Amino acid sequence: MAERSTPLWEVFIRARTGLAHRHVGSVHAADATMALQAARDVYTRRGEGLSIWVVPSVAITASDPSDKDMLFEPAASKIYRHPTFYEVPDEVDNM
Amino acid sequence: MYSQALNTATGHADTSEAGTRFQTRVDAEERIEPNDWMPEAYRRTLIRQISQHAHSEIVGMLPEGNWITRAPTLRRKAALLAKVQDEGGHGLYLYAAAETLGVTREELVEQLLAGRAKYSSIFNYPTLSWADIGTIGWLVDGAAIMNQIPLCRCSYGPYARAMIRICKEESFHQRQGFEIVTILARGSAEQKAMVQDALNRWWWPSLMMFGPSDSQSQHSDASMRWKIKRFTNDALRQKFVDATVPQGHYLGLTFPDPALRYNEATGHWEFGAIDWEEFRRVLAGDGPCNRERLAARRRAHDDGAWVREAALAFAAKQGVARQREAA
Ligand SMILES: [Fe+2]
Ligand SMILES: [Fe+2]
């Protein structure tokens, strides 16, 4: 009998308070509880984290890197979104 | 630990438009990420290298695991346990990195258990005395560090990131080993003899960890062009010898190589010829412990099958229960 494969989970860890959770890798586990335990053992053996998220890998929708020019073009062409686009007289120091 | 430089990638330069763009990104030291376009040969080379590296970490737990119950003190036992656990972790970081290239964990494990995948030749040697544990940390983890530091800048993002984590952890491995060696080298006559014997047995296999000599490996090394690899096998081996020989001499140990001598002009330690016949034999499955290592991995996998099945069955049952609650 072929063995069923154990689901893949992506692991996110918050290293310190004040920081966002950051992707660190993945683990295989049958369910969320075991995924959390595996993530603790694999990715936090030296106090790397205060909090762990595990997310089923299949639940992640990613943008296609080959679409990146099209996808991010609106940001590139709108230079008026940046403060340096605006002229302020030299006499006005800080703004 | 141990990506042994076994992989001479043979991909020819991809001159398609996508191939040229890919090489430009690599040349500009950009990291390639899982969903980016990449030449098939680059993907295949990485899957092979990363999975061999992962297998080496996992099989590498066996020779040291052999001594956990017989460590001489609680301090040594705790350190060895933590080190072996780290090696298991290294294997898992690396399997995860390989999986981003489109291969499944089950396929990789299957390749190892079927004897179709390679792993570092060093783990096919036996650990005969407690001094071997110190010597492995000092030499084998030391060689691994030399091999692995350049891999932190590998062009493939997930592999490079896994290597950064691994390198941070390896330093403890080497230091705990050198501490064991130091104490034995300063101990009784028997202890000194024991550590000298371990060095005599592990020295040459450690040098083989860097892979075949550059003069024997294939011409155009695609791994270099792709920035998977940054230094040649011989350059890394020389670096290791230069760093390690003075450490051994400091402890009053001798190396089992009558040709070993310091070259004032080059500033390097010159060493004798490596027995590549032995290397090839061990790699091909005929080392002292190849069969035992694979048998141990297969037994662990088979003995764990009911646990994996039970966990999946439990998860499925919980899923049904939740659906019923929601309905
Ligand atoms: Fe390791
Ligand atoms: Fe290690």
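The values are calculated or read from the model by the stated rules, or taken from the named source; none is laboratory data. No experiment lies behind these values; they were computed from the predicted model shown. Every residue, glycine among them, receives a Cβ derived from its backbone with ideal geometry; neighbour counts consider all protein chains shown. Accessible surface is based on the protein model in full, side chains and every heavy atom, while ligands, DNA and RNA are left aside. Shrake-Rupley method; radii C 1.70, N 1.55, O 1.52, S 1.80 Å.
General observations
- Checked against (1) outside any helix (DSSP H, G or I); (2) open to solvent by less than 40 Å² (accessible area, probe 1.4 Å); (3) closer than 19 Å to B:Gly142 by Cβ, B:Trp202 passes all but condition (1).
- Of all the residues in the range B:10-43, those that are of a type in the set (S, T, N, Q) and in contact with a helix residue (DSSP H, G or I) (Cβ under 7 Å, 6 or more places away or on another chain) number 2.
- Filter result (closer than 26 Å to B:His53 by Cβ and among the hydroxyl-bearing types (Ser, Thr, Tyr)) within the range B:160-193: B:Ser171
- Residue identified as open to solvent by 60 Å² or more (accessible area, probe 1.4 Å), within 14 Å of another protein chain (Cβ to nearest Cβ) and under 23 Å from B:Ile32 (Cβ atoms) among A:Ser66, A:Ser57: A:Ser66
- Residue under evaluation B:Pro258, criteria (1) in a helix (DSSP H, G or I); (2) surrounded by fewer than 13 Cβ atoms within 10 Å (Cβ to Cβ), criterion not met: (1)
- Beta carbons closer than 7 Å, at least 6 apart along the sequence or on distinct chains, pair a first residue in the range B:295-310 that is within 14 Å of chain A (Cβ to nearest Cβ) with a second that is of a type in the set (Val, Ile, Thr) for B:His301/B:Val109; B:Arg308/A:Thr6.
- For the range B:159-214, filtering for residues that are away from every other protein chain (no Cβ under 14 Å), within 16 Å of ligand 1 (Cβ to nearest atom) and either farther than 20 Å from B:Lys239 by Cα or of a type in the set (A, V, I, L, M) (or both) leaves 2.
- Scanning the range A:4-42 for residues that are open to solvent by 70 Å² or more (accessible area, probe 1.4 Å), under 10 Å from A:Val54 (Cα atoms) and hydroxyl-bearing (Ser, Thr, Tyr) gives a single hit, A:Thr33.
- Considering (1) in contact with a Ser or Thr (Cβ under 8 Å, 6 or more places away or on another chain); (2) at pLDDT 95 or above; (3) within 15 Å of ligand 2 (Cβ to nearest atom), the lone condition that B:Met1 does not fulfil carries the number (2).
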